[in-house]
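Reviewing the structure listed below.
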C-alpha cells in the first residue's frame, strides 16, 4: 500500500522538478487520465517556527495545482508561467495534515487563463488562491 493510503485514489507523482523534490512529496488523483487534485502530507520540513504549515509551502502547492488545472485543458504538453497569484490564508495546517487542492479554470482569453483554487484539510479551507497564467507561445 502506498504512503498516500490515507487519501483514497491519490498516488505519488514525480513532478520532475528539483524544487518539487525539495517541497514534496506530492500526490495526485486522476480521472480519465487527467489530474483532478494535487495533495501534500505536511512534514516537519514544511512547518514554520510556530509549528504550522509555512505560507510558502501552501502557496507552492496552490501554484502547482493551478498550473496543473490549466494543463489538463490541453491534449498536448504546454508551457505555462504564473503572471500573478493572489492568496488568502484562511486557516492553519499542521504537521501530519493532508492538504488537498481543488482547482478550476474560470476563463480563457487568448494565451491568458484565469484560475481559482482552494486548499483544504478535510473539509476545512486553509487557503484560497486565484491566478492568471499565460501559455507560452512556443508551446
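The values are calculated or read from the model by the stated rules, or taken from the named source; none is laboratory data. On a predicted model such as this, the values are computed, not experimentally measured, just so you know. Methodologically, a virtual Cβ is constructed for each residue, glycine included, from the backbone with ideal geometry; neighbour enumeration extends over all protein chains shown.
If you filter the range 90-104 down to residues that are assigned to a strand (DSSP E or B) and crowded, with 16+ Cβ neighbours inside 10 Å, you find that the one that is farthest from the chain's Cα centre (by Cα) is 98. Only a single item in (1) part of a strand (DSSP E or B); (2) over 16 Å from the mean Cα position of the chain (by Cα); (3) touching a residue at least 24 places away in the same chain (Cβ under 8 Å) is not met by residue 119, and it is number (2). If the condition is being within 17 Å of residue 128 (Cβ to Cβ) and either surrounded by 13 or more Cβ atoms within 10 Å (Cβ to Cβ) or over 17 Å from the mean Cα position of the chain (by Cα) (or both), then the range 78-89 contributes 82, 85, 87, 89.
Quick check: anything in the range 52-61 farther than 22 Å from residue 81 by Cβ, at pLDDT 90 or above and part of a strand (DSSP E or B)?
To start, the set of residues in the range 52-61 that are farther than 22 Å from residue 81 by Cβ comprises 52-54.
Still in the list and also at pLDDT 90 or above: 52-54.
The next check asks that each one be part of a strand (DSSP E or B); those that pass are 52-53.
Yes, there is a match, as at least one residue in the range 52-61 is farther than 22 Å from residue 81 by Cβ, at pLDDT 90 or above and part of a strand (DSSP E or B).
Checking each residue in the range 78-101 for being farther than 19 Å from residue 44 by Cα and in contact with a helix residue (DSSP H, G or I) (Cβ under 8 Å, 6 or more places away or on another chain) picks out 78, 80, 82, 85, 87, 89, 101. Within the range 68-77, is even one residue under 21 Å from residue 17 (Cα atoms), surrounded by 13 or more Cβ atoms within 10 Å (Cβ to Cβ) and at pLDDT 95 or above? No; the residues of the range 68-77 include none that is under 21 Å from residue 17 (Cα atoms), surrounded by 13 or more Cβ atoms within 10 Å (Cβ to Cβ) and at pLDDT 95 or above.
Being under 30 Å from residue 109 (Cβ atoms) and outside any loop (DSSP other than H, G, I, E, B) is a condition met by at least one residue of the range 9-19.
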